[in-house]
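Structure record follows, encoded as structure tokens.
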Amino acid sequence: MSSDLIRKYNIPGPRYTSYPTVPYWESTGFSVQAWKDSLLKRFRENREISLYLHLPFCESLCTFCGCNKRITKQHGVEMPYIETLIREWELYLQELPYKPIIKEVHLGGGTPTFFSPENLEFLLKTIFRKAEVADAPEFSFEGHPNNTTKAHLTKLAELGFRRVSYGVQDYNMKVQIAIHRVQPFENVKRATGEAREAGYNSIGHDIIFGLPFQTKEHIIETIEKTKQLMPDRIAFYSYAHVPWIKGSGQRGFNEDDLPDGETKREMYETGKQMLEEAGYVEIGMDHFALKTDSLYKAVEEKNLHRNFMGYTTSNTGLMIGLGVSAISDSWYGFAQNEKTVEAYQAKIEKGEIPVFRGHILSEEDLKIRKHILNLMCRLETRWESPEDYFEELPEVLVKLREMEGDGLVEFSENGLHIPEKGRPFVRNICMAFDLRLQRNVPDTRLFSMTM
Ligand SMILES: C[S@@+](CC[C@H](N)C(=O)[O-])C[C@H]1O[C@@H](n2cnc3c(N)ncnc32)[C@H](O)[C@@H]1O
Ligand code: SF4
């Protein structure tokens, strides 16, 4: 890939787990009542829902981590937090005219298996008792090779979980020390083997390129080790350096310790080639899967969807996020919960849905959202007629024509697709559609670099 293209397109840009992206949500027009109305509108169209449960606690801080987490070794926090989650679920149920059908559950964090297997069982059984569960539900969780035990895996398998993703990041010791996450290969091997034995049919490993002190050789070493375990899926993330986000905890290294954009691109290309040689297929952005995995099947069946959980294999249209900082998505609106455990619990205690910000989508947002999802999930998008789309949004066309000149997109009669050369630039291509970003270019850093 040419260095000129990297220099031109390696700019700050969103990862598009939503459109509009969170910094562009409009508080005017948003209220908890507006959020409830949008939720109800979607629910009346489809009773099936996805549940995202945010379990924020971790025993130790990894200094690369951009997630919402709370570091503690005090396990006394488990039960009060679970009680709050259940109370929040009840608040949502009060809003719905009939019982929802739970189609998907994802436990994210933080470290969900910070909680004991018994406490997780209590939480999930209580939630399920108050709703219906779909016939072939898709339940997944984020595991941690250093603390997800066989007992966790077995208990969650009994409850219907078949998918787990483990944070691996990098196997090199120098990198592991820099990110404060020492995690030997043996731990990942054990956790992966135990998940297979417990009946999980989709085991994922998360690998990151662009970490402090990381080199291309480390990526080769990490992927060689990964090939020994052959997880069903691999998330191959670009390290998102966002130290300005409050509570990100990214520290202990300098910007100078991070590989530059061009080195990152080489890391990505090396990793991609090795994974493809090993039988993995690249899916959307950041993801690889074996052809036997449900993520690959979702691509074949054109069911791939993207939301705050990343890529998912179905689209229920209504995702309720429970827990601190969790984001809910009713298709017509987004809402985010309070970001500290204390503020979150305080609102629930008052009997309020603990949302502190959100956005109700306009007609234009809905149109753009569809295109961005198509590009992220299928690397192509279509419109009724060019006039219909671009007369209203001429700015989009100017940007896209320039990308066409650079070989990153190809136009067809009523649509466009992203060829292999454009694949690493999918975030940039989505940015061309992102009118909110174009109308209001930020003067401070909001997003990580696209490379
Ligand atoms: C929320 S973490 C939860 C996983 C679990 N707590 C663990 O550490 O294994 C999910 C994944 O997000 C990814 N992640 C977190 N911070 C990131 C960052 N700054 N840039 C890129 N990926 C990141 C990591 O790959 C991590 O495994
Ligand atoms: S990477 Fe996982 S374990 Fe580490 S701080 Fe983030 S959420 Fe916690």
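Observations, loosely collected:
- Glu282 being within 23 Å of Cys377 (Cα to Cα) and within 17 Å of the chain's Cα centre (by Cα): yes
- Residue within the stretch 247-257 that is closer than 30 Å to Thr126 by Cα, open to solvent by 10 Å² or more (accessible area, probe 1.4 Å) and in a helix (DSSP H, G or I) present: no
- Count of residues meeting criterion [within 24 Å of Gln345 (Cβ to Cβ) and away from ligand 2 (no atom under 16 Å from the Cβ)] in the stretch 35-77: 7
- Residue selected from the stretch 406-432 under the condition in a strand (DSSP E or B) and of a type in the set (Gly, Ala, Ser), by the criterion surrounded by the most Cβ atoms within 10 Å (Cβ to Cβ): Gly415
- Filtering the stretch 116-168 to residues that are open to solvent by 40 Å² or more (accessible area, probe 1.4 Å) and among the small types (Gly, Ala, Ser) leaves Ala136, Ala151.
- Of all positions in the stretch 287-301, none carries a residue that is over 14 Å from the mean Cα position of the chain (by Cα) and closer than 30 Å to Ala34 by Cβ.
- Long-range neighbours under 7 Å by Cβ, at least six apart or interchain, first residue within 14 Å of Pro112 (Cβ to Cβ) within the stretch 54-76, second of a type in the set (D, E, K, R) and surrounded by fewer than 21 Cβ atoms within 10 Å (Cβ to Cβ): Pro56/Arg70; Phe57/Arg70; Glu59/Lys73; Asn68/Lys339
- Entry remark, the stretch 45-62: residues being in contact with a His (Cβ under 6 Å, 6 or more places away or on another chain) and more than 10 Å from ligand 1 (Cβ to nearest atom) number 1 in total.
- Looking across Ile234, Ile203, one residue alone is part of a strand (DSSP E or B), modelled with pLDDT of 95 or more, more than 17 Å from Lys272 (Cβ to Cβ) and within 15 Å of ligand 1 (Cβ to nearest atom). It is Ile203.
- If the condition is being in a helix (DSSP H, G or I) and open to solvent by 20 Å² or more (accessible area, probe 1.4 Å), then the stretch 303-351 contributes Glu342, Ala343, Gln345, Ala346, Lys347, Glu349.
- Taking the conditions (1) over 30 Å from Gln33 (Cα atoms); (2) open to solvent by 20 Å² or more (accessible area, probe 1.4 Å) in turn, Ile283 satisfies each one other than (2).
- Residue pairs whose Cβ atoms lie under 9 Å apart, sitting 6 or more positions apart in sequence or on different chains, and linking a residue in the stretch 178-199 that is open to solvent by 40 Å² or more (accessible area, probe 1.4 Å) to a partner that is of a type in the set (Ser, Thr, Tyr) and within 13 Å of ligand 2 (Cβ to nearest atom), are His180/Ser60; His180/Thr63.
- Residue list for the stretch 93-124, restricted to those being under 30 Å from Lys41 (Cβ atoms) and out of contact with any strand residue (DSSP E or B) (no Cβ under 6 Å at 6 or more places or on another chain): Leu93, Gln94, Glu95, Leu96, Pro97, Tyr98, Leu123, Leu124
- Checklist (1) surrounded by fewer than 15 Cβ atoms within 10 Å (Cβ to Cβ); (2) of a type in the set (Val, Ile, Thr); (3) within 21 Å of the chain's Cα centre (by Cα) applied to Thr28, failing item: (3)
- Those residues of the stretch 80-92 which are farther than 13 Å from Leu40 by Cβ and not β-branched (Val, Ile, Thr), in sequence order: Pro80, Tyr81, Glu83, Leu85, Arg87, Glu88, Trp89, Glu90, Leu91
- A residue that is at pLDDT 90 or above and open to solvent by 30 Å² or more (accessible area, probe 1.4 Å) occurs somewhere in the stretch 380-397.
- Of all residues in the stretch 70-108, those satisfying the criterion of being of a type in the set (A, V, I, L, M), open to solvent by 30 Å² or more (accessible area, probe 1.4 Å) and in contact with an Asp or Glu (Cβ under 8 Å, 6 or more places away or on another chain) are Ile71, Ile101.
The values are calculated or read from the model by the stated rules, or taken from the named source; none is laboratory data. Worth saying up front: this structure is predicted, and the values here are computed from it rather than measured. Cβ: placed from backbone, ideal geometry, glycine included. Neighbour counts: every protein chain shown. Keep in mind that these areas ignore ligands, DNA and RNA; they rest on the heavy atoms of the full protein, side chains included. Shrake-Rupley method; radii C 1.70, N 1.55, O 1.52, S 1.80 Å.
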